[in-house]
Amino acid sequence: MNQNSIAWLILAASVVSEVIGTIALKHSNGFTNWTATLGAGLSFLLAIWLMSLSLKHIEMGITYSVWAGSASAAVAVIGIALYGESFATIKLIGLVMVVLGVIALNLNT
């Protein structure tokens, strides 16, 4: 496996860590639940560290767009599926736009 492929796997792990951190943040109850707060903080630190490693082999704009877009879409879907957050057509349109935006940023022009 080449370094570029490993960088993409590290970026994927960074996205997963960021999503876990966001879920933990929801459970922190405004930083009153210390276990969830610590979990969120550690997850976010890990996510940023992993993203910094991927930046050695993937362009910054692509790295950040994939990271932010993927994490945003994943958190939105998890919120709908696991936390009963409202699903509206506008959310679906927003998710599609995020995915299309990430694809557009990754096109070699």
- Item | Members of segment 3-44 found to be modelled with pLDDT of 95 or more and among the hydroxyl-bearing types (Ser, Thr, Tyr), listed by number | Ser14, Ser17, Thr22, Ser28, Thr32, Thr35, Thr37, Ser43
- Message: Cβ-Cβ distance below 9 Å, separation of 6 or more or different chains: which pairs start in segment 24-39 with a residue that is more than 18 Å from Tyr83 (Cβ to Cβ) and end on one that is among the aromatic types (Phe, Trp, Tyr) and modelled with pLDDT of 95 or more?
- Response: Thr37/Phe31
- Reported set for segment 24-55 where residues are touching a helix residue (DSSP H, G or I) at 6+ places or on another chain (Cβ under 7 Å) and within 20 Å of Gly69 (Cβ to Cβ) is Leu25, Ser43, Phe44, Leu46, Ala47, Leu50, Met51, Leu53, Ser54, Leu55
- Message: Contact list please: Cβ distance under 7 Å, first residue in segment 79-107 and under 22 Å from Ile20 (Cα atoms) and at pLDDT 80 or above, second residue loosely packed, with under 10 Cβ neighbours inside 10 Å and hydrophobic (A, V, I, L, M, F, W, C), pairs at least six apart or on different chains.
- Response: none
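The values are calculated or read from the model by the stated rules, or taken from the named source; none is laboratory data. All figures in this text were calculated on a predicted structure; none of them were measured in a lab. Don't worry about glycine lacking a Cβ; one is built from the backbone with ideal geometry, like all the others, and counts go over all protein chains shown.
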